[in-house]
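The values are calculated or read from the model by the stated rules, or taken from the named source; none is laboratory data. Here the structure is a predicted model, which means the values were calculated and not measured. Because the Cβ atoms are built from the backbone with ideal geometry, glycine has one as well, and the counts that use them run over all protein chains shown.
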Amino acid sequence: MNTIVVQHIAEQIARAEHILLLTDERIDGDTLGSTMGLFHTLTNLGKRVDVFSPKPLPKTFSYLPMIDVIHRDHDVLAQSSIDLAIVCDCSDGAYLPPILAKMARKVPLISFDHHLTNPNYGTTNVIEPTAASTADVVWRFVQHVQYPITPNAAQCFLTGIITDTQVFFSANTTNAAIAAAAELVKHGAKLQDIIRANYVNKSTNFLRIWGIALERLFIDESFGGIATVVTRKDITDLGATPEEIESIAGVVSEFLNAVLNESHDVIVVYRETEDGAVKGSARARTKNVAAIAERLYGGGGHKFAAGFKVPNAKMEKLPNNRWVVRSL
């Protein structure tokens with residue numbers, strides 16, 4: 001972590017009187033964990049802090065302490081007293097311009113992230129592609145500047161690390177992430193609560209979607225690996241919630257990537273969305289799936305874990321149980 005950049009951010013925070021924290025629009029455990037970890041850390045320093053999310057929060061993360069402080073109302077953005085903004089785990093910044101345009105004035109934007117494809121859109125950027133999660137990055141920043149850590153902050157940071165490594169199961173798990181988790185537990189984080197909320201309490205619909213995903217495995221020539229599909233019809237037939245569908249892609253791809261034999265280096269999960277698009281989640285052991293996702297669909301992410309979204313598209317079934325993305 002660049003000491004000069006870290007010190008510059010610490011000085012900006014020290015001067016700030018009202019800080020706005022922004023989640024990514026792709027709401028997951030890492031963006032919420034890193035953002036809320038910062039919220040608890042900064043409020044503990046006596047800072048006035050507001051948190052804004054552009055999308056609804058999954059019920060899965062209701063266990064996070066004070067999660068209800070997160071605003072969805074755009075009025076929070078228009079407060080003239082805001083003098084610093086921080087965004088966590090937002091890989092491309094594409095959704096930010098219209099959000100920032102609603103602010104009363106232009107303020108410095110700090111970006112904490114761990115995605116390889118982040119274009120450094122912030123005024124100040126801390127981007128560490130080798131980190132297991134953005135929560136890991138923010139946690140090390142907090143350690144570096146020696147901010148006090150509360151149990152609530154520790155619970156949030158650990159949530160980001162655990163969910164982005166699938167409980168240290170995924171290929172992006174690092175020694176630093178494991179060491180950070182141990183330290184956060186010492187600071188009061190409750191690991192079992194995080195595991196129970198994210199990986200144990202699954203509905204029957206979630207398990208049925210698992211069955212569909214496993215039954216549909218096929219060779220995906222575009223990525224050079226194994227893939228599966230969840231369609232809108234599946235979702236309607238099962239009466240599955242958007243949250244159940246959102247969570248299934250990453251879980252299935254991580255699981256398959258771990259248990260399939262070494263002849264299958266890449267796993268891709270495609271799913272049709274309510275807004276008429278196709279979203280994909282790709283995982284790999286050695287192949288750069290971020291580069292493939294970017295080339296094929298304008299996606300991105302990490303070298304071994306990437307995502308993409310194709311608007312106005314659907315999945316079309318071909319002979320021999322193969323599927324392809326078709327534009328509408």
Task: Residue identified as modelled with pLDDT under 90, in contact with a Phe, Trp or Tyr (Cβ under 7 Å, 6 or more places away or on another chain), closer than 22 Å to residue 163 by Cα and not in a loop (DSSP other than H, G, I, E, B) among 248, 209, 267 - done: 248
- [ ] Answer yes or no as to whether residue 146 is at pLDDT below 90 and either outside any helix (DSSP H, G or I) or farther than 16 Å from residue 244 by Cα (or both).
- [x] no
Task: Considering residues of segment 195-206 that are over 30 Å from residue 318 (Cα atoms) and surrounded by 15 or more Cβ atoms within 10 Å (Cβ to Cβ) only, the residue modelled with the lowest pLDDT - done: 202
Task: Residues being farther than 11 Å from residue 41 by Cβ and among the β-branched types (Val, Ile, Thr) - total across segment 135-173 - done: 8
Open item on the list: So for segment 187-194 (the condition being touching a strand residue (DSSP E or B) at 6+ places or on another chain (Cβ under 8 Å) and either assigned to a helix (DSSP H, G or I) or modelled with pLDDT of 95 or more (or both)), does at least one residue qualify?
Closed with: no
Open item on the list: Against the definition (among the basic types (Lys, Arg) and modelled with pLDDT under 95), how does residue 47 come out, yes or no?
Closed with: no
Task: Matching residues in segment 41-68 - criterion: being assigned to a helix (DSSP H, G or I) and surrounded by fewer than 24 Cβ atoms within 10 Å (Cβ to Cβ) - done: 42, 43, 44, 59, 60, 61, 62, 63, 67, 68
